[in-house]
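Below is one structure, written out as C-alpha cells; the observations come after it.
The values are calculated or read from the model by the stated rules, or taken from the named source; none is laboratory data. What you are looking at is a predicted structure, and each value in this text was computed from that prediction instead of being measured. Counting neighbours? That spans all protein chains shown, and the Cβs are built from the backbone with ideal geometry, glycine included.
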Amino acid sequence: MSEAEGIDYQRWMVLSGGAAAIGAAQQTGLLAAVLDGGGSARALAERLKLDARASACVLDALVALELLRVADGVYAAQPWLGAVLQSIPGGAAHDSRLWNHAPDFLRTGAPLLHMDGSNDARENAYRLVTQALGRMFAGAARELAARIPGTPAQILDVGCGSGVWSLQLAARFSAATVTGQDLPKVLEESFLPRAAAEGLSERVRTLPGDMQTVALPAAQYDLIVVANVLRLEPAERAARLIARLVPALAPGGALLIIDAIAGGTPERERARALYALHLAIRSTEGSVHLPATLSGWLAAAGLSDVRAIELPDWAAPTGALLARRA
C-alpha cells in the first residue's frame, strides 16, 4: 500500500467506522445513556443489556471522534454535544430515525416522512419543529440582516415559520413592519410567540393561508423574504411561487431567497449534499435547487441585479440570493 493509498484508507476508515459507531450508539440507546450521566463501559452495558467489550469499543471510537471524553474509565459527553443534540429540530431521536431510514430509502425511493404533502400535513409537521429551527438559525439570521442594503419599511415573510429571518430584519430596521405569512397554527404557535419574545409584537402582522394561493396586495412590500421554503417545492411550483410574489413588491423592492444554496468550497458542497439526502428522506419531491436555477427563476419573473450573499461557513449549506424589481 502506497502512502497515498494509506491516507485514503484512513479517510475511509474514519468515515465508515465513525458512521457505524454513531449509528450503533444511537440505535441501542448507548449515546443517550452517556448524555444522561455517563459511566463506565461495563456499567453502561449492564444498564442497557449490551455486551461490555463491544460497548467499550464503540465508546472508545466515539472518544476518538471527539464526541465523548473519558477519565478514569468513566465516559461522558463533550460539553457541546448535549446542546447540539437538544437543538436538533424534532429531537435527536427523530433525526436518528430519519438517517436510519436511508437504506430503505435507497432500496425503494420512499421517504420516511412527507413534509411537502398537503397543507394539513405540513402544518402538523412544521408546527413541531419551527421553534427549534428558529433557535438554530438565529445567529445566521443576525449575520444576514446586517448585510441587507437599504431601509425596508414593509417586509413580507412567506412561509415564515418562526419568523427568525424577518424578525432579525425588524430588529435591525427600527421602522420596519413584518407581515408573517404561513398556515394558521404555525403563525399562532411559532411566529407570534417569537415576535413577542423579541419585543416586536407591535410591529408584526399575520397573513394566514396557502402561500401559493393567498391573496397578496399589489406593490406593497419593500422586501419579501422566502426562507427555507423553495426546497420543499418541486421546480415548477417553486418557480411559480417566485413569479406570483413579484407583483407584491413595491417599485425598487427586493426579493430575498434563503435556502440550502451555499456552495463554492468542498466543505459547503459536502454540507449541501448531505442536507439534500436528509431532505429527500423526509419529503416526496423536495430538492436543493442550484443557485443558477434560482437565479434563472428570479430573472424570468422580471427581477434583476441578482446577487449572492454568503453566510459564514458554520451556517452552511444556508446561503442567500437577493434580486430587485426595477
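For the range 39-124, which helices (runs of 4 or more DSSP H) that fit wholly inside it have 1 or more residues that are under 17 Å from the mean Cα position of the chain (by Cα), at pLDDT below 95 and under 22 Å from Ser162 (Cβ atoms)?
Numbers: elements: 41-48, 52-64, 79-87, 92-100, 102-108.
Those helices (runs of 4 or more DSSP H) span 79-87, 92-100.
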key: Any hit, the range 125-141, residues being surrounded by 19 or more Cβ atoms within 10 Å (Cβ to Cβ) and either at pLDDT 90 or above or not assigned by TED's automatic domain parsing to the domain that holds Ser201 (or both)   = yes
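Might you check whether a residue that is within 14 Å of the chain's Cα centre (by Cα), within 20 Å of Met115 (Cα to Cα) and assigned to a helix (DSSP H, G or I) occurs anywhere in the range 222-231? Walk me through how you get there before you give the answer.
Within the range 222-231, the first condition is being within 14 Å of the chain's Cα centre (by Cα), and the residues that meet it are 226-231.
Cutting the leftovers down to within 20 Å of Met115 (Cα to Cα) gives us 226-231.
Remaining after also requiring assigned to a helix (DSSP H, G or I): 230-231.
Yes: one or more hits.
Need a quick list: strands (runs of 3 or more DSSP E) entirely within the range 235-326 having at least 3 residues that are surrounded by 14 or more Cβ atoms within 10 Å (Cβ to Cβ), at pLDDT 90 or above and more than 20 Å from the chain's Cα centre (by Cα). Full working, then the answer.
Working: elements: 249-259, 303-309, 319-325.
Correct list: 249-259, 319-325.
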message = Based on this model, can you work out whether Ala170 counts as buried (at least 20 other Cβ atoms within 10 Å of the Cβ) and in the same structural domain as Ala320 (by TED's automatic domain parsing)?
response = yes
ask   = Cβ-Cβ below 7 Å, separation at least six or inter-chain, first residue in the range 129-141 and part of a loop (DSSP other than H, G, I, E, B), second of a type outside the set (Ser, Thr, Tyr): which pairs?
value = Val129/Pro89; Val129/Gly90
message = Among the residues that make up the range 45-53, is at least one of them touching a strand residue (DSSP E or B) at 6+ places or on another chain (Cβ under 9 Å) and closer than 21 Å to Asn100 by Cα?
response = no
Those residues of the range 62-117 which are surrounded by 13 or more Cβ atoms within 10 Å (Cβ to Cβ) and of a type in the set (Phe, Trp, Tyr), in sequence order = Tyr75, Trp99, Phe105
request  = For the range 173-212, name all the residues that are surrounded by fewer than 16 Cβ atoms within 10 Å (Cβ to Cβ) and either under 20 Å from the mean Cα position of the chain (by Cα) or in a helix (DSSP H, G or I) (or both).
outcome  = Pro184, Lys185, Glu188, Ala196, Ala197, Ser201, Glu202
request  = Scan the range 291-307 and give yes if some residue there is among the aliphatic types (A, V, I, L, M) and either closer than 26 Å to Pro184 by Cα or not assigned by TED's automatic domain parsing to the domain that holds Ala146 (or both), otherwise no.
outcome  = no
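Answer yes or no as to whether Trp314 is under 27 Å from Ser96 (Cβ atoms) and not acidic (Asp, Glu).
On the way: under 27 Å from Ser96 (Cβ atoms): yes; not acidic (Asp, Glu): yes.
When the stated conditions are applied, Trp314 passes them.
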